[in-house]
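What follows is one structure encoded as structure tokens, with my remarks underneath.
The values are calculated or read from the model by the stated rules, or taken from the named source; none is laboratory data. Quick caveat: nothing in here was measured; it's all calculated off a predicted structure. For neighbour counting, all protein chains shown are included, and Cβ atoms are generated from backbone atoms with ideal geometry for every residue, glycine included. Only protein heavy atoms, including side chains, enter the accessible area calculation; ligands, DNA and RNA are left aside. Shrake-Rupley method; radii C 1.70, N 1.55, O 1.52, S 1.80 Å.
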Amino acid sequence: MTAVALIVFLVAYVLIATEWTHKLLAALGGAAVLFALGVTDPDHAFYSQETGIDWNVIFLLLGMMIIVGVLRRTGVFEYVAIWSAKRAKGSPLRVMILLTLITATASAFLDNVTTVLLVAPVTLLVCDRLGISPVPFLIAEVMASNIGGTATLIGDPPNIIIASRSGLTFNDFLIHLTPLVLIQLLVFILVLPRLFKGSFAADPDRVQDILRLNEREAIQDPRLLIKCGVVLLAVFTGFIGHAIFHIEPAIVALLGAGLLVLISKVPTRDYMGSVEWQTLLFFAGLFVMVGALVKTGLISGLARAVGDATGGRPLLATMLILVVSAILSGIVDNIPYVATMSPVVQELAKNVTDPSHANALWWALAAGADFGGNATAVGASANVVVIGIALRAGHPISFWEFTGKGAVVTAITVLVAAPYLWLRYFVLS
């Protein structure tokens, strides 16, 4: 069964990467084959947290897509687009840097998917105003989202899993990972001009037109904007305090969406038209295939092989965990990977006498899994969402267009993270 699960996954992955068929057909087709061959079953695919569809991700996406659909009617995205372009004085590179920093900062406190759902419409509008392709901007923002989400315990789901296993606190993540993320963002911003060379030529007349606009005139429905603001504040409070309130972010998003629909009285077709159904179904198929790899023990076996290969040497274990996590998280979703790898790291940490060295193993797992999400177009949930939004807006992003940039960014972030971990936990500790 392990070989069958691996073959089906690899075939589907090749179809997605080569775009020989639509990615939705590849994902759902792969899931259907696994069901037909008995590799997985409804109990594992639909009801298991470890081997099935992550319904929290699906319903979080659905709730936030509905909220964004209602919010779009207020004109606030046009407002932010004009404001950003004017603050950047119409320079596309400055616009990219500004939106990248906004995305990274927001992703430290919100789910990455939520952040890109809010920022992507702004990006599409500002690029349309400037008359340039939004593709490089969307790719840069989703990568910044994956980097920024590493900074805090709540910034990325793998961090929550790691905190649960290791006993590390919110403040621990702030103290140990936020400095690394700040360094990564600085390096990322310096790399942007070369990474997206040739993407920053804007029409001077369009730039002058934007600078003459009054962003306040973009707000079409102030009363609806106030209602959306109140609901979003409540939703964000729920996201940040979900560990205290014991309410899953998905439930918070659905409650917020339901409340906003109720008080806004927006026609159903207006907000349901913003739901990316193809993206949600693609996630479902992908989760089933990855879950089959977990169910058959393939991912667990790979994770344990990493632990066995270190031979009890903390520095080697730290570097190996960092690199392997970055590679595997670019291929499979980082949530099931971290869920299976964290018990291995826990066992390794028990055999390390120096607490600083033991914690370095956990920080390597977090950094590798989070930064590795940038490696491919399907490496992180936010990547898939942005690609879906771009396709719907008429600006398709191919698997290799994203992956070509993402592999470079992942390599750079790993190269930056390695000396940080070595210096902080094995030299200066």
For the stretch 213-360 the mean separation of alpha carbon contacts under 8 Å (6+ apart) over residue count, i.e. relative contact order in percent, is 17
With the 1.4 Å probe rolled over protein heavy atoms, the stretch 71-194 has an accessible area per residue in Å² of 33
With x for Gly and Pro, the residue-by-residue ³J(HN,Hα) of the stretch 190-195, computed from phi through the Karplus equation 6.51 cos²θ - 1.76 cosθ + 1.60 at θ = phi - 60° and given in whole Hz, is 5, 7, 3, x, 7, 5
With -39,500 (n - 2.57) per DSSP H segment of 4 or more residues and division by the full residue count of the chain, the 222 nm estimate, nearest 500 deg cm²/dmol, is -24000 deg cm²/dmol
For the chain, the Debye formula with one identical point scatterer on each Cα and no solvent gives log10 I(q)/I(0) at q = 0.06, 0.14 Å⁻¹ as -0.24, -1.33
The helix 2-18 Cα axis meets the longest alpha-carbon principal axis of the chain at an angle in degrees, between 0 and 90 and rounded to 10, of 30
Longest principal axis of the chain (C-alpha) makes with the long axis of helix 399-422 (C-alpha) an angle, in degrees to the nearest 10, of 60
Expressed in angstrom and rounded, the centroid-to-centroid distance over alpha carbons for the stretch 44-108 and the stretch 163-241 is 8
Percent relative contact order for the stretch 100-158, counting Cα pairs under 8 Å at least six residues apart, stands at 56
Relative to the chain, whose Cα atoms define the longest principal axis, helix 222-240 and its Cα axis are tilted in degrees, nearest 10, by 10
Ranked by GNM mean-square fluctuation in the chain (Cα springs under 10 Å), the top entry among 173, 35, 137 is 35
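Express the carbon and sulfur contribution to the solvent-accessible surface of the chain as a percent, rounded to the nearest whole number, probe 1.4 angstrom.
Answer for the chain: carbon and sulfur cover 66 percent of the accessible area.
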Packing-ranked peptide list from 327-335, 160-168, 363-371, highest mean Cβ count within 10 angstrom first, is 363-371, 327-335, 160-168
Across 101, 182, 361, the residue with the highest GNM fluctuation in the chain (Cα network, 10 Å cutoff) is 182
Dimensionless Rg/Rh of the stretch 265-315, both radii on Cα and Rh by Kirkwood, sits at 1.40
Over the stretch 265-373, with neighbouring protein chains present, the accessible area per residue in Å² at probe 1.4 Å is 36
